[in-house]
Amino acid sequence: MTQLLNVEDYRRRARRVLPRLVFDYVDGGAEDERCLRRNRDALEALPLIPECLRDTHAMDIGIELFDRRWRAPFAVAPIGLAGLVRPRADALLASAAQAARVPFILSTASNTRIEDVRTAAPDATLWMQLYVMGERAIAERIVRRARAANFEALVLTVDVPVGGLRERDLRHGFRVPMRLTPGTVFDMARHPAWLLRLARGGMPQFANLLPDDDDAPVSAQTQAALLSRTMDRTLTWESLAWLRKLWDGPLLVKGLLGAEDARRAVRHGADGIVVSNHGGRQLDAAPASIAALPAIADAVGGRIPVLMDGGIRRGSDVVKALALGARAVLVGRPPVYGLACDGERGALSVLQLLAQETERTMTLLGAAHARELGPRHVDRPTPRSL
Ligand code: FNR
């Protein structure tokens, strides 16, 4: 069996063990997948410049954010419909994050109930990602439940006013309503281990939109809205005040790519932002996240923490983002590839290998702590046009 030494090894193994429809759902991007590639190309194009003969014996890649210590400067990004990869995927990912001692962000479009994720990872730092769609009461209920389950931060995703055009999904007939092609059905049958798990676990549901015993039922309209990713298009910066009333913990805005938007987020009272293009799954013409980061970090000027995601596949990518002004990064697909290969253990292995690579890279750079990293470590100018 081939050794799994890095994230790309896990990705290749995931491609083998998952039906193509599921792999493509996770792996793919919008339209021509230029933004997806741009995220990687821009990171790869940035050389790091080491500083030699510096004392790094007390190396610590951990950080502190919102009164929590993270063992490594990354968190697990929210992934909707991860239950397609494995039943209980969200609980397994949360538990892997707990073991790695990094935060886990649960998607509104997850397949495990908020409360069950907390039970699976009682000591984890859990954050809740929010999509606002259909009736606002649905979002309000999710926020209430997240708070009751001791989720510590709320992450409002703002780059999905409408779903990106994911052409890989469309070609498989993976759409609403579902129209699977015969080829896709045949391919699923050729992955019996996956199929058996799905049969045992049942088709993934949007568990956090399902009615609770003591709650009003979710309308069919809202369920359909989530399935087809129909968002509340009346949401604006002013809506942050509405969320602020419901949520007194840290409130982050995820999906910004422009400096002016970052200033707006600060003005409207966000406690943090995530520079993100949704892993290349939304606006295909969007810039690479790493290219957008320096101007945003500049505009925010340290008033609130700036996080970033998109294309992080190596510890050196984590370090590049930190050096260019991110306090931490999110990793989306990598732990999901791990999950596909070996369940919770696979996801944890991916998080551990990213942490090891981060530590090695920082040691090679001569930086014993994230706060010692700076733009001088990156051979700029940042190729914004890549
Ligand atoms: C996502 N992403 C995402 N973001 C979000 O805010 N809510 C969500 O439900 C989802 N769902 C989702 C599903 C899948 C399959 C993927 C790959 C991504 C985006 C995610 O949180 C993150 O921004 C990107 O995945 C980061 O890029 P990398 O690390 O995957 O390159």
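Values quoted throughout were computed directly from the atomic coordinates according to the rules given, and no laboratory measurement underlies them. Treat the numbers as computed from the prediction; the structure is a model and nothing was measured. Neighbour counts are summed over all protein chains in view; Cβ atoms, including those assigned to glycine, are modelled from backbone coordinates with ideal geometry.
Along the charge dipole of the stretch 43-102, Cβ charges K/R +1 and D/E -1, which of Thr56, Phe66, Ala77 sits furthest on the positive end? Comparing the listed Cα positions along the dipole, Ala77 ranks first.
Each of Thr184, Pro103, Gln352 was scored by the projection of its Cα onto the charge dipole of the chain, and the greatest displacement toward the positive side belongs to Thr184; charges sit on the C-beta of Lys, Arg, Asp and Glu. Screening the chain for whole DSSP H helices of 24 Å or more along their axis (Cα) with average Kyte-Doolittle hydropathy at least 0.0 returns 333-365. When only Cα pairs under 8 Å and 6 or more residues apart are kept, what is the percent relative contact order across the stretch 78-133? 41 percent. As a rough guide to protection, the peptides 47-58, 289-300, 65-76 ranked by mean Cβ packing within 10 Å, highest first, stand as 289-300, 65-76, 47-58.
Beta-bridge orientation, the chain: approximately 20 percent antiparallel, per DSSP, counting only bridges with both partners inside. Normalised by the number of residues in the chain, the average gap of Cα pairs under 8 Å and 6 or more apart makes the relative contact order 28 percent.
Of the candidates Leu243, Leu373, Leu36, which one comes out as most mobile in a Gaussian network treatment of the chain with C-alpha springs shorter than 10 Å? For the chain, modelled as a Gaussian network with Cα springs under 10 Å, the answer is Leu243.
Calculated FRET efficiency, Asp9 to Arg136, Cβ-Cβ distance, R0 = 25 Å: about 0.05 to the nearest 0.05. A simple spin-label model places pseudo-atoms 7 Å from Cα toward Cβ; at Gln205 and Asp232 they are separated by 2.4 nm. Take the stretch 237-384, drop everything but the C-alpha atoms, weight them equally and run the Debye formula without solvent; then report log10 I(q)/I(0) at 0.09, 0.12, 0.19 Å⁻¹ to two decimals. With one equal scatterer per Cα and no solvent, log10 I(q)/I(0) is -0.31, -0.54, -1.17.
Spatial offset of the stretch 79-124 relative to the stretch 4-57 amounts to 22 Å, using the alpha carbon center of each.
Each stretch of four or more DSSP H residues adds -39500 (n - 2.57); spread over every residue of the chain, this sum gives -13000 deg cm²/dmol at 222 nm.
Packing here is the average count of other Cβ atoms within 10 Å per residue, and on that basis the peptides 357-365, 103-111, highest first, run 103-111, 357-365.
Annotation: for a label point projected 7 angstrom from Cα along Cα→Cβ of Arg380, residues of the stretch 292-322 with backbone N closer than 19 Å are 292-309, 317-322. Other residues with beta-carbon under 12 Å from the beta-carbon of Gly183 carry, at +1 per Lys or Arg and -1 per Asp or Glu, a net charge of +2.
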